[in-house]
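The values are calculated or read from the model by the stated rules, or taken from the named source; none is laboratory data. Treat the numbers as computed from the prediction; the structure is a model and nothing was measured. Cβ: placed from backbone, ideal geometry, glycine included. Neighbour counts: every protein chain shown. Heavy atoms of the whole protein, side chains included, go into the accessibility calculation; ligands, DNA and RNA do not. Shrake-Rupley method; radii C 1.70, N 1.55, O 1.52, S 1.80 Å.
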Amino acid sequence: MAPTISLNTQQAAEEITRDDRYWHDGFTSPIGQGRDVTYAYRSDPAAQLTATQITFFEQAFELWSDVANIRFHRDNPAGYSNNATILVGNYS
């Protein structure tokens, strides 16, 4: 296991605001340009979320979108899917 690196406040601020950060998905998009990301709720019946759980995830995706310049797009908005960048499921 790799050692945990701890940064002081100044070092953390420099890390967060540096210019060489990119999304890595086969190509690079500089920070500030935003990204489109697909998500879905797993179609496997054993992993499906309830309507209430989906509502909470929808709200969470909206909050992330507001602060991170990420545009989330739900694959199969009317149902479930296993075809997206982010797959959300209910596991125990």
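One table, with the values for the structure above:
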{"read-out": "Region 45-54 - residue that is assigned to a helix (DSSP H, G or I) and closer than 17 Å to residue 76 by Cβ and, of those, most open to solvent (accessible area, probe 1.4 Å)", "value": "45"}
{"read-out": "Filter result (more than 21 Å from residue 83 (Cβ to Cβ) and either among the small types (Gly, Ala, Ser) or at pLDDT 90 or above (or both)) within region 15-49", "value": "29, 32, 34"}
{"read-out": "Unique residue being in a loop (DSSP other than H, G, I, E, B), open to solvent by 90 Å² or more (accessible area, probe 1.4 Å) and at pLDDT 90 or above when the list is 83, 76", "value": "83"}
